[in-house]
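Trainee: Okay, handing you the structure first.
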Amino acid sequence: MVLFSGTKSYFYSSPIVCKSTASNSNHSHAAHSLDSAYIKRAAQIADNSAGFTSPHPNFGCVIATPSGVVAGEGYLYAQGTKAAEVLAVEAAGSFSKGSTAYLNMEPGDCHGDQSAVSALVQAGITRVVVGIRHPLQHLHGNAIRSLRGQGLQVDVVGEDLKSKIMEEARKSCLLVNAPLIHRATSRVPFSVLKYAMTLDGKIATTSGHAAWISSKKSRNRVFELRGRSDAIIVGGNTVRKDNPRLTARHGGGHTPIRIVMTQTFNLPEEANLWDISDVSTIVVTQRGARRSFQKLLASKGVEVVEFDILNPREVMEYFHDRGYLSILWECGGTLAASAISSGVIHKVFAFVAPKIIGGKNAPSPVGELGMVEMSQALDLIDVCFEQVGPDMLISGFLQPVPDLVPVIPSEDETFAIDPSITPYESRIIFFYKTWDPYGAFSNFSPHPIQMPDGSGAYATWSSVEHYYQAHKFMGVDEPMAKDCVEKIKSAKSPEEAARMGRSMQKQRPDLVRSDWEGLKIDVMYRALKCKFSIYPHLQSMLLSTAGSVLVEASPHDLFWGGGREGEGLNYLGRLLMLIRSEFLGECSSPSEITCEAL
Ligand SMILES: NC(=O)C1=CN([C@@H]2O[C@H](COP(=O)(O)OP(=O)(O)OC[C@H]3O[C@@H](n4cnc5c(N)ncnc54)[C@H](OP(=O)(O)O)[C@@H]3O)[C@@H](O)[C@H]2O)C=CC1
Ligand SMILES: Nc1c(N[C@@H]2O[C@H](COP(=O)(O)O)[C@@H](O)[C@H]2O)[nH]c(=O)[nH]c1=O
């Protein structure tokens, strides 16, 4: 069997031959090998967007004809872009008819539009092999039920296909979505501890100098790791000693947020991390610590979040609520020990450099864990060894990826919307990330809207977020402002549109239209009104929440979101409730919306 190796391209102009050479006698084994190979391939391509877009559920789809020819592949590039299944059937064209689709994970129909399922059905796929069921409770089993309901044969690995090779394939599916699975099963994001140490186990000299222990090649590899994370975290002492930048310099793409954890707030007035022109920094600290210095940092645009009890678990729970899926810890041994003791570290990446520096008091990667006997040692699982330039990279899991024990579904498996959040029973409905229940209320949901431009003609915008971000620069008589509008308009995903709009607003506030603050609510209202008018299923979802309060569960956006403890103004939730009232005929459409009107 010929399997193609990790290419970044996911479109194939002509079908790729990947034939089984099995004889009839070992047909079942050969069929399993083929299924296993294609599921692994789906998991492999699902990972293609890592480092380029914010961590999100990773979906890959491979379509193979009955004779084992790969006709098309696709992967989800970013949250809010075309589904992997849609891309794969587009690539396969007429070869989809009668073919098998291999999915590393059950599609997550979080937008109510069933685009992945519809694409497979309409393309004439007859069999679907699913690596793992969707781990989020409100999506678990829905697409499988829907596909089976429409007459397709669906084989779930571990349920319908059981063998050692199928188990290996299932594992690759668990690994590629480890961050999402952690989100579904625990209240903290998936955390990776990374460090570089000398052969004698030091992460810096006795004086605290650490630049550099690992080679350039290893440090480039760290940039990739950073690009795969939502955030990088260090302790206060690393900021004082290293003055790090913590940027992902691997050639464009996703840039993680930087987090500093400090109890004392004894931080330098000038530091690379306070330059937020490219990427934001959040300092998490003990409530009340050096308030005047907090204000100074805030005036530079650094966000400060206070905690009553500052420990790694509380901090990780906060970032979980903020929607972060994956965190890279690049701290020294003090904070690393605290994080390991708190049980929040899941994986370790240790770069070991063939250098010896000695030093009785030189710091080591993990500080005090209180162990007295070797029997207490934490054993890593699924350990990998890899040479990177002159260094050795040892990686492994401190905690296994939670296994989603395959369950044979009952007749009435999961409903489309999590029944525990039935609107008639709960008074407040929270929404935030597109993959969560009611995720279609998010501005990042992939629903293009058609809006009139200045001349009265209609233009299509890929999402509400595209429209909103571009309007910050609309009408400003500057070539660069016009350029911004065009770039945001053609951004590949809502996430990219948001990144461009926010960073341009930060870097060039002079390009933002002068009436923006007074106008932004109205811009958002019009975009949302269009979105919920043109998509009947979205309107139904909105109307189904009648009687409930809608809150955008952003803990940090105190204007559009509800805040951490309800202190946010929740203008996004308020606009949705206003639009819901209009659809219900409870009020008429206002000519212009202002903050005061809401
Ligand atoms: N080779 C490598 O891979 C790396 C090397 N280093 C090196 O390590 C040295 C710094 O090590 P280290 O002092 O351990 O640095 P850390 O990054 O672990 O910082 C420790 C600090 O974290 C803050 N903190 C906040 N909450 C907690 C908590 N619950 N538990 C523990 N710490 C908390 C405190 O900051 P505060 O005091 O502000 O309250 C504490 O002093 C430097 O010399 C640096 O160069 C650092 C990172 C990686
Ligand atoms: N010394 C050391 C590392 N140190 C880590 O990298 C940070 C500096 O990042 P930046 O400012 O973005 O280049 C530093 O604060 C610490 O967290 N990393 C490594 O891969 N290898 C090394 O030898």
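The values are calculated or read from the model by the stated rules, or taken from the named source; none is laboratory data. Bear in mind the structure is a predicted one, so any value in this text is a computation, not a measurement. Neighbour counts run over all protein chains shown; Cβ positions are idealised from the backbone, glycine included. Only protein heavy atoms, including side chains, enter the accessible area calculation; ligands, DNA and RNA are left aside. Shrake-Rupley method; radii C 1.70, N 1.55, O 1.52, S 1.80 Å.
Trainee: Looking at this structure, is L246 in contact (Cβ under 8 Å) with a residue 40 or more places away in the chain, closer than 16 Å to L325 by Cβ and not acidic (D, E)?
Mentor: Numbers: in contact (Cβ under 8 Å) with a residue 40 or more places away in the chain: yes; closer than 16 Å to L325 by Cβ: no; not acidic (D, E): yes.
No.
Trainee: Assess whether M166 counts as being within 9 Å of ligand 2 (Cβ to nearest atom) and either closer than 20 Å to V315 by Cβ or in contact (Cβ under 8 Å) with a residue 60 or more places away in the chain (or both). Quick ask: steps written out before the conclusion?
Mentor: Details: within 9 Å of ligand 2 (Cβ to nearest atom): no; either closer than 20 Å to V315 by Cβ or in contact (Cβ under 8 Å) with a residue 60 or more places away in the chain (or both): yes.
Considered against the rule, which asks whether it is within 9 Å of ligand 2 (Cβ to nearest atom) and either closer than 20 Å to V315 by Cβ or in contact (Cβ under 8 Å) with a residue 60 or more places away in the chain (or both), M166 comes out as no.
Trainee: Going by what's in this entry, would I327 be described as under 22 Å from K194 (Cα atoms) and in contact (Cβ under 8 Å) with a residue 60 or more places away in the chain? Write out each step before concluding.
Mentor: Details: under 22 Å from K194 (Cα atoms): yes; in contact (Cβ under 8 Å) with a residue 60 or more places away in the chain: yes.
Answer is yes for this residue.
Trainee: Something else: If the requirement is being open to solvent by 20 Å² or more (accessible area, probe 1.4 Å) and either assigned to a loop (DSSP other than H, G, I, E, B) or within 16 Å of ligand 2 (Cβ to nearest atom) (or both), which of these qualifies: G323, G358? Before the answer, list the steps.
Mentor: Details: G323 fails: open to solvent by 20 Å² or more (accessible area, probe 1.4 Å).
Of G323, G358, the one residue that is open to solvent by 20 Å² or more (accessible area, probe 1.4 Å) and either assigned to a loop (DSSP other than H, G, I, E, B) or within 16 Å of ligand 2 (Cβ to nearest atom) (or both) is G358.
Trainee: I would also like to ask the following. For K295, are the conditions met, namely being at pLDDT below 95 and either more than 23 Å from G562 (Cβ to Cβ) or within 16 Å of ligand 2 (Cβ to nearest atom) (or both)? Break it down stepwise before answering.
Mentor: Numbers: at pLDDT below 95: no; either more than 23 Å from G562 (Cβ to Cβ) or within 16 Å of ligand 2 (Cβ to nearest atom) (or both): yes.
So K295 does not fit the description; no.
Trainee: Looking only at the range 256-275, which residues are open to solvent by 30 Å² or more (accessible area, probe 1.4 Å), assigned to a loop (DSSP other than H, G, I, E, B) and in contact with a Ser or Thr (Cβ under 9 Å, 6 or more places away or on another chain)? Can you show your working first?
Mentor: Pass one, the range 256-275, residues open to solvent by 30 Å² or more (accessible area, probe 1.4 Å): 257, 263-264, 266, 268-270, 272, 275.
Those still in the list that are assigned to a loop (DSSP other than H, G, I, E, B) too: 263-264, 266, 268-270, 275.
Passing the criteria: Q263, T264, D275.
Trainee: Determine, yes or no, whether L578 is aliphatic (A, V, I, L, M), under 23 Å from the mean Cα position of the chain (by Cα) and either surrounded by fewer than 20 Cβ atoms within 10 Å (Cβ to Cβ) or over 23 Å from S462 (Cβ atoms) (or both). Give the derivation first.
Mentor: Numbers: aliphatic (A, V, I, L, M): yes; under 23 Å from the mean Cα position of the chain (by Cα): no; either surrounded by fewer than 20 Cβ atoms within 10 Å (Cβ to Cβ) or over 23 Å from S462 (Cβ atoms) (or both): yes.
No; evaluated as a whole, the condition is false for this residue.
Trainee: How about the range 46-94: which of its residues are among the hydroxyl-bearing types (S, T, Y), open to solvent by 10 Å² or more (accessible area, probe 1.4 Å) and within 25 Å of the chain's Cα centre (by Cα)?
Mentor: Of the residues in the range 46-94, the ones among the hydroxyl-bearing types (S, T, Y) are 49, 53-54, 65, 67, 75, 77, 81, 94.
Imposing the further condition that a residue be open to solvent by 10 Å² or more (accessible area, probe 1.4 Å) reduces the set to 54, 65, 67, 75, 77, 81, 94.
Selection gives S54, Y75, Y77, T81.
Trainee: Something else now. Of all residues being among the polar types (S, T, N, Q) and within 10 Å of ligand 2 (Cβ to nearest atom) in the range 177-232, which is most open to solvent (accessible area, probe 1.4 Å)? Just the residue, please.
Mentor: Looking only at the range 177-232, we keep the residues that are among the polar types (S, T, N, Q), and these are 177, 185-186, 191, 198, 205-207, 214-215, 218, 220, 229.
Narrowing further to those that are within 10 Å of ligand 2 (Cβ to nearest atom): 198, 214-215, 218, 220.
Details: T198: 1, S214: 12, S215: 22, S218: 0, N220: 73 Å².
Across the range 177-232, the extreme among qualifying residues is N220.
Trainee: Between G253, G235, which is touching a residue at least 60 places away in the same chain (Cβ under 8 Å), more than 15 Å from ligand 1 (Cβ to nearest atom) and open to solvent by less than 60 Å² (accessible area, probe 1.4 Å)?
Mentor: Details: G235 fails: more than 15 Å from ligand 1 (Cβ to nearest atom).
Result: G253 is the single residue among G253, G235 that is touching a residue at least 60 places away in the same chain (Cβ under 8 Å), more than 15 Å from ligand 1 (Cβ to nearest atom) and open to solvent by less than 60 Å² (accessible area, probe 1.4 Å).
Trainee: Go through (1) under 18 Å from the mean Cα position of the chain (by Cα); (2) under 25 Å from P494 (Cβ atoms) for S277 and report which single condition fails.
Mentor: (1)
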